[in-house]
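To start, the structure itself, in structure tokens.
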Amino acid sequence: MDTTRILELLAHYFVMLLLVFGALAVMRAALGDMGFWFELVVVIIIAFAYRPIVIRLGVAPTAWEER
């Protein structure tokens, strides 16, 4: 794997991490303390939904589009 592909993937994983922290911050502000298990479910949903959504939008890194 070359550096360009790694940097392209790193950018997407960074955005996904920001989405997780942002979603949890908004939910905590709106709903208060939700508990560990509810937050874990939110993290898992974002982690599994990110890749198909990015591929459908056409902004996926080339490493994800080859599969």
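Residues in the chain average 77 Å² of solvent-accessible surface per residue, probe 1.4 Å, ligands and nucleic acids excluded. Angle of helix 36-57 to the longest C-alpha principal axis of the chain, folded into 0 to 90 degrees and rounded to 10: 30°. Extents of the chain, taken as max minus min of Cα coordinates on every principal axis and listed largest first, are 43, 21, 18 Å. The value of relative contact order for the chain, using C-alpha pairs under 8 Å at least six residues apart, is 46 percent. Against the longest alpha carbon principal axis of the chain, how many degrees, from 0 to 90 and to the nearest 10, is the axis of helix 3-31 turned? Between helix and principal axis, roughly 10 degrees. Only protein atoms count toward the accessible area here, which uses a 1.4 Å probe; on the chain, the carbon and sulfur part of that area reaches 72 percent.
By the helix-only formula, in which each DSSP H run with n ≥ 4 contributes -39500 (n - 2.57) and the sum is divided by residues, the chain has a 222 nm mean residue ellipticity of -28000 deg cm²/dmol.
The values are calculated or read from the model by the stated rules, or taken from the named source; none is laboratory data. Computed from a predicted structure; not experimentally measured. Heavy atoms of the whole protein, side chains included, go into the accessibility calculation; ligands, DNA and RNA do not. Shrake-Rupley method; radii C 1.70, N 1.55, O 1.52, S 1.80 Å.
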